[in-house]
Amino acid sequence: MAQRAIREYNGKTLFSKHWGKYFSGFHYSFKSVLVSSGEELKQISETHGFEWLKREPLVAKPDMLFGKRGKNNLVLFKDKAPGDVTLDVAAQWIDEKISHPTTLLSGQHGTLSHFIVEPFTPHTEEQEYYISATTVGEDDVLYMSTEGGVEIEEGWDAKVTEVVLPIKLSDKDIEYIIRANAPVDLPANRKESFISFAIAFYKFYRDMNFAYLEINPLVMLDNNEMGILDLVSRLDDTAGYLMENSWGEIEYPTAFGMEDQSPEEKAIAEADAKSGASLKLTILNPMGRIWTMVAGGGASVVYADTIADLSGNVTELANYGEYSGGPTTGETKFYADTIFDLMTRHKDTKGRDKILIIGGAIANFTDVAKTFTGIIQSLEEYAQKLKEVGVKIYVRRGGPNYKKGLKDIKEAADRLGLYMEVYGPDTHVTDIVRMALAEKGN
């Protein structure tokens, strides 16, 4: 399956185009425009059917295939402005954002060029829900939660209900399984509506040949009015010849910041675009001494901050990135190959050992042993080069199958003659950074 990300605007357009077929009984007021400048936004407001841009409070945000826009302070809405966001305020904000390069918390760097603008949807936290679907192995998996918003990743296991749906199920079986496994904490007044929407959502995901589809948050208002506030989607482009009429004209944009990337960064970005997992890489200093392979976007920020703080010199950190979301063994090996190739091109200028941090929090659904198999395969290929430049490896991981993963990678390191210390979830998430930098000579 070749997965290709599409803009939020195009994903919502697909919902709107097929809404009547899949979501009969629900209402979705599709009002959305995609623009590249404030002037273009003002021009569209003069077009028939888009007068709402001049009379309704607005929300504006980049639409360039990256997440966590709120945490990057890149969502303009009434709470981020002196009052309601008017057409003029949105246009001015867009022009300001495109006037200079932007660096995200992930380390991605580039110039913003596309923005989605929509009406502001007043709602409460109690009206926010989460729903997504993806393919894992030979099955589809539907994720549902009564809590939506940017903090959904915090405490994922406790908040999110996971429903495995074998791909060839009948519609009747799909409905039965989803209904039987709906979140137990659904409020009584929303329960039937949410379950009905979830069933329709999965059928839409399946029939439209999505590889990944997420609404976060889905807002459920009165009278079955639905608000799709944030949407992330990837299509299986191998089905493109079958879906020409259903999809219409679909753009597969270049990921944000990819224009200025190194060949290695571009290769990882291209792998990310074809995967249901998340693979990110930013090279900060190719001559840096401390390299990381971190599982999870939040963990990557924590590790980068800890390394910068404890090393006393941010230039020591060579790279920034993540591998997460259940990457395959092959995807993890490719990611590890890229890191090992980069870090073994040069010895440390001061003759010190280099440090490799293989870290992460406690995984939600990523099979640690499976991803570590990919790392082990890469270690076997690069062992001699790693020893030649002098590399000490520190591992900390938790999650599904972590004991086997830690055992396997330690046994491999010993067999290959590599220095490696291995720790599980009983060790604090960033303690391996302190341990690595406290070693004599480090």
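Annotations for the structure displayed:
- Taking Cα atoms only, the orientation of helix 263-273 departs from the longest principal axis of the chain by about 40 degrees.
- Exposure proxy ranking for ARG415, ARG396, based on other Cβ atoms within 10 angstrom of each Cβ and starting from the fewest, stands as ARG415, ARG396.
- For LYS387, a cut-off of 14 angstrom between C-alpha atoms picks up these aspartates and glutamates, skipping any fewer than 8 places away in its own chain: ASP341, ASP348, ASP353, ASP414.
- Taking the C-alpha atoms only, the angle from helix 87-97 to the longest principal axis of the chain is near 20 degrees.
- Rounded to whole Hz, the Karplus (6.51, -1.76, 1.60) HN-Hα couplings of the stretch 210-215, x for glycine and proline: 6, 9, 7, 8, 9, 10
- Shape of the stretch 351-442, Cα gyration tensor, a/c cut at 1.5: oblate
- With Cα atoms, 0 to 90° folded angle of helix 402-416 axis to the chain main axis: 40
- Per-residue Cβ neighbour counts within 10 Å put ILE339, ILE44 in the sequence ILE44, ILE339, beginning with the fewest.
- Karplus-derived HN-Hα couplings along the stretch 362-376 (A = 6.51, B = -1.76, C = 1.60, θ = phi - 60°), whole Hz, x at Gly and Pro: 8, 4, 7, 9, 6, 6, 4, 4, 5, 5, 5, 4, x, 5, 4
- Mean-position separation - Cα centroids, the stretch 178-202 and the stretch 220-293, in angstrom: 29
- When DSSP beta bridges are restricted to pairs lying wholly in the chain, around 70% turn out antiparallel.
- Prolate/oblate/rounded call for the stretch 33-119, Cα gyration tensor, a/c under 1.5 rounded: prolate
- Taking a straight line from the alpha carbon of LYS392, these lysines sit under 18 Å away, with near neighbours fewer than eight places off in the same chain left out: LYS347, LYS350, LYS354, LYS407, LYS410, LYS440.
- Within the chain, helix-based [θ] at 222 nm, where runs of 4 or more DSSP H residues each add -39,500 (n - 2.57), nearest 500: -11000 deg cm²/dmol
- Modelled FRET efficiency - R0 22 Å, GLU411 with GLU381, Cβ distances, 0.05 increments: 0.85
- Fewest-first ranking of ARG55, ARG397, using other Cβ atoms within 10 Å as the exposure measure: ARG55, ARG397
Here, each number is a calculation from the coordinates, and none is a lab measurement. Everything quoted here is computed from the prediction, not taken from an experiment. So basically every Cβ, Gly included, is an ideal-geometry build from the backbone, and we count neighbours across all protein chains shown.
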